[in-house]
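Visitor: Have a look at this one before I ask anything.
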Amino acid sequence: MKIGIIGAGPRGLLMLNNLIQNFESSDHDNLTIHLFDRAVAGGRVWKVKQPISLIMNTPANELSLFDDGQKNALSIAQWCQSDISKKFINNLDVDNKDELLTAVDKINDRSYVPRAICGAYCQWFFQQLVEQIKDNDSINLAVHFNQNVDNVEKVKGDSFVVSVGDVDYPVDKLVFSLGQQENKLTKDQESLQKYAKDCGLTYILPGEADEADLSTITSDQNVIIRGMGLSFNDFVSRLTEGRGGYFTDNGDNTLTYHASGDEPTIYAGSRRGVPYYPKAISQKAFNENYPAVFLTNENVDKHLKDGHISFEVFHMLLRLDIEYRYYSFLFSLKHPEIDVEDFQKKFRETDNHNALIGSYHLPIEEVFDWDKILNPVAGVKISTLDNYQEHIKTWLKEMIDDALLGSKTGPVIGSLEMLRDLRDNIRYVLSNHLFTNDDLVHKYLGRFSSDMKFLSQGAPAVRSQEILALMDAGIVKIIGPQMQVIGANHKFITRSAFYGEEIIHGDALIEARTNAPVTKVSANPVITSMMDKGLIKPLPITLSDGEVVENSSVDIDIKTDQVVGQPNLYTWGLNTEGLYFVTSAIPRPGVNDSILRAGDDIAKGLLDIPVENPTIYM
């Protein structure tokens, strides 16, 4: 039997591991696995050769590629703290070996690991799988790294041919997980790209921050960054620390930035006008989750009407879980006179949560305000750029102080951490189609998805400390909400709609984000070739008025992750974002992670092993 895996990032490596683990339980005598990637093991994001300052946004002890209970399993934290990592890195043929060794020595359980180190871990993990295959005469692995898959074609008998250059590789079954990828340019991007070329400006399209060419940006220039999520932090790091500047710790939760003189002036903004919330310092054990109290699967089922839960009820249950955690942390931290367990019991049982909170007579600034959480500058009078800096700096300082208290102590950031623990509960609603299609399209896929990224997918708190220090140094300025960008007068021009007369001229424009994984607009040849041949299509969603819209996800059977209409073709990961929730995550050890369960189910399907009670995992 021949199985193809396209994509050797974390998902591809998980699939390879599961095929090896499950093969002995199959009825096949021999197995040949073809593993394809345009990079190497770890894929494009987790490359070893990237700046050491670019870090992950999950603690090291909460990341692993091994199945729970697997022999000789090591999380990233365990691997970094062992001699195994040093020996492996020493044997790598890379220019940044000394940086890697210095970095790995500093990593503890709760460190935020450099992405380059994660890349080394992925390569080591792959090496372990290769050694296992060498000991198994029935499994053969053919590796096709640093090569682009140009075409995928279906042939007789529901099998496939994967083409790499002039070479064709026939496979009986195929699974793809492509990770971050290119999209076709929008009209706006095409226009800005042409404008930049005509005017001698720098325009950086959405993509991987470590791959962008920033060499044309000089210290006397203004740089406009559009987007304030993870990529924003990466670009700021490259334009500051990456140019010789450094931070020192003031010992009071703040940093001071010492400039090299090579930094440009950075103007950053977005529609919301606020950087993502920081991640709290982790206080959790590697396998510790806070279970849902309100957004439980059972509670969701109780609220179903005609097989659906209204978005409003879903959102209410989610908010209650956040508030439950917020007030528990707040009372423990600031109100020793309040019995936390008594509060929790009352909060679980009451039908009037606002009245219960009102009975504690809290100062207004301590009452959880969901609207304020989503829009921290709501009600703030914004008149000038300088005026706005003070508001953002005040908010950043408050959130940094809260985040540094820890994930089990800080009321605001600690409670938002709950959103990570609720991922499987949200996945339950999505994968079982418990929203009406109208609610899914108009409410969930619109504002809610953006809100979740803002609240729970930010960078570690140190990144917010760095932004604050860079603002104090006058190197970074945050533009107010409703950022607008055009090209005019041989410059890029930006402003906030809130103070439209204050115009900023830039010599460079950076789109600080990765491309959204949208099937219809993907420029990846794997996707486009299969789309052109009708092998895959976007998931169609029919609204109540008869309109049919397309989800970003590939159309799959959620019980098997098989592409609809293609019994031997599977996909998972980012290609299914929109149907599933947070598909870019690396598994967490010790919690029976849904990603690990999904990988096991798909591998069994590929090997024709029956799956009893398949997990609809996301």
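Visitor: Sort through Asp545, Asp555 and tell me the only one that's surrounded by fewer than 20 Cβ atoms within 10 Å (Cβ to Cβ), modelled with pLDDT of 90 or more and more than 29 Å from Pro525 (Cβ to Cβ).
Guide: Sole residue among the options that is surrounded by fewer than 20 Cβ atoms within 10 Å (Cβ to Cβ), modelled with pLDDT of 90 or more and more than 29 Å from Pro525 (Cβ to Cβ): Asp545.
Visitor: Now a separate question. Output the number of the condition that Gln221 fails; it satisfies all remaining conditions of (1) closer than 28 Å to Lys520 by Cα; (2) more than 25 Å from the chain's Cα centre (by Cα).
Guide: Every condition holds for Gln221 apart from (1).
Visitor: Same structure again: Tell me which residues, restricted to region 136-150, are more than 28 Å from the chain's Cα centre (by Cα) and part of a strand (DSSP E or B).
Guide: Ile139, Asn140, Leu141, Ala142
Visitor: Okay, moving on. Between residues in region 229-242 that are over 13 Å from Ser215 (Cα atoms) and residues that are part of a helix (DSSP H, G or I) and at pLDDT 95 or above, which pairs lie under 6 Å by C-beta distance while being six or more apart or on different chains?
Guide: Short answer, once both residue conditions are applied: Ser231/Ala209; Asn233/Arg463; Asp234/Ala209.
Visitor: Another question, then. Of the residues Lys173, Lys184, which is surrounded by fewer than 15 Cβ atoms within 10 Å (Cβ to Cβ) and within 20 Å of Asn575 (Cα to Cα)?
Guide: Lys184
Visitor: Of the residues that sit in region 243-271 and are among the small types (Gly, Ala, Ser) and closer than 23 Å to Gln457 by Cβ, which one is surrounded by the fewest Cβ atoms within 10 Å (Cβ to Cβ)?
Guide: Taking the candidates together, the pick is Ser270.
Visitor: In this structure, does Lys408 turn out to be surrounded by 15 or more Cβ atoms within 10 Å (Cβ to Cβ), closer than 30 Å to Ile503 by Cα and of a type in the set (D, E, K, R)?
Guide: No; evaluated as a whole, the condition is false for this residue.
Conditions tested, residue by residue: (1) without any contact (Cβ under 8 Å) to a residue 24 or more places away in the chain; (2) surrounded by fewer than 18 Cβ atoms within 10 Å (Cβ to Cβ); (3) assigned to a helix (DSSP H, G or I).
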{"residue": "Leu430", "(1), (2), (3)": "no, no, yes"}
{"residue": "Leu434", "(1), (2), (3)": "no, no, no"}
{"residue": "Lys443", "(1), (2), (3)": "no, no, yes"}
{"residue": "Ser464", "(1), (2), (3)": "no, no, yes"}
{"residue": "Ala469", "(1), (2), (3)": "no, no, yes"}
{"residue": "Gly480", "(1), (2), (3)": "no, no, no"}
{"residue": "Ile486", "(1), (2), (3)": "yes, yes, no"}
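Visitor: Could you tell me whether Leu543 is touching a helix residue (DSSP H, G or I) at 6+ places or on another chain (Cβ under 8 Å) and more than 30 Å from Gly565 (Cβ to Cβ)?
Guide: For Leu543, the condition - touching a helix residue (DSSP H, G or I) at 6+ places or on another chain (Cβ under 8 Å) and more than 30 Å from Gly565 (Cβ to Cβ) - is not met.
Visitor: Condition first: of a type in the set (Phe, Trp, Tyr) and over 21 Å from Asn352 (Cα atoms). Now tell me which residues in region 284-342 satisfy that.
Guide: Across region 284-342, the qualifying residues are Phe286, Tyr290.
Visitor: Only one of Arg319, Arg272 is under 23 Å from the mean Cα position of the chain (by Cα), within 30 Å of Tyr499 (Cα to Cα) and of a type outside the set (A, V, I, L, M, F, W, C). Can you tell me which?
Guide: Result: Arg272 is the single residue among Arg319, Arg272 that is under 23 Å from the mean Cα position of the chain (by Cα), within 30 Å of Tyr499 (Cα to Cα) and of a type outside the set (A, V, I, L, M, F, W, C).
Visitor: Taking helices (runs of 4 or more DSSP H) that do not extend beyond region 309-383, which have at least 3 residues that are in contact with a helix residue (DSSP H, G or I) (Cβ under 6 Å, 6 or more places away or on another chain) and closer than 30 Å to Asp439 by Cα?
Guide: Those helices (runs of 4 or more DSSP H) span 311-334.
Visitor: Quick check on Phe247: is it assigned by TED's automatic domain parsing to the domain that holds Val380 and closer than 30 Å to Met483 by Cα?
Guide: So Phe247 fails the test.
Visitor: Anything in region 191-249 that is among the aromatic types (Phe, Trp, Tyr) and closer than 17 Å to Tyr112 by Cβ? List them, or say none.
Guide: Phe232, Phe247
Visitor: Another question, if that's okay. Could we say that Ala603 is within 13 Å of Val175 (Cβ to Cβ), modelled with pLDDT under 95 and out of contact with any strand residue (DSSP E or B) (no Cβ under 8 Å at 6 or more places or on another chain) here?
Guide: Taking the combined requirement at face value, the residue does not satisfy it.
Visitor: Which residues, counting only those in region 561-585, are surrounded by 23 or more Cβ atoms within 10 Å (Cβ to Cβ), assigned to a loop (DSSP other than H, G, I, E, B) and modelled with pLDDT of 90 or more?
Guide: Answer for region 561-585, where residues must be surrounded by 23 or more Cβ atoms within 10 Å (Cβ to Cβ), assigned to a loop (DSSP other than H, G, I, E, B) and modelled with pLDDT of 90 or more: Asp561, Trp572.
Visitor: Shifting gears a bit: What's the number of the condition Ile400 fails, among (1) more than 15 Å from Gly273 (Cβ to Cβ); (2) surrounded by fewer than 18 Cβ atoms within 10 Å (Cβ to Cβ)?
Guide: (2)
Visitor: Criterion first (of a type in the set (D, E, K, R), under 17 Å from Ser431 (Cβ atoms) and more than 20 Å from the chain's Cα centre (by Cα)) does Asp532 satisfy it?
Guide: When the stated conditions are applied, Asp532 does not pass them.
Visitor: For region 317-353, name all the residues that are of a type in the set (A, V, I, L, M, F, W, C), surrounded by fewer than 17 Cβ atoms within 10 Å (Cβ to Cβ) and without any contact (Cβ under 8 Å) to a residue 24 or more places away in the chain.
Guide: Those that are of a type in the set (A, V, I, L, M, F, W, C), surrounded by fewer than 17 Cβ atoms within 10 Å (Cβ to Cβ) and without any contact (Cβ under 8 Å) to a residue 24 or more places away in the chain: Ile338, Val340.
Visitor: So His433 fits all but one of (1) at pLDDT 95 or above; (2) at positive phi; what number is the exception?
Guide: If we test His433 against (1) at pLDDT 95 or above; (2) at positive phi, just (1) comes out false.
The values are calculated or read from the model by the stated rules, or taken from the named source; none is laboratory data. These numbers come from a predicted model, not from an experiment. For neighbour counting, all protein chains shown are included, and Cβ atoms are generated from backbone atoms with ideal geometry for every residue, glycine included.
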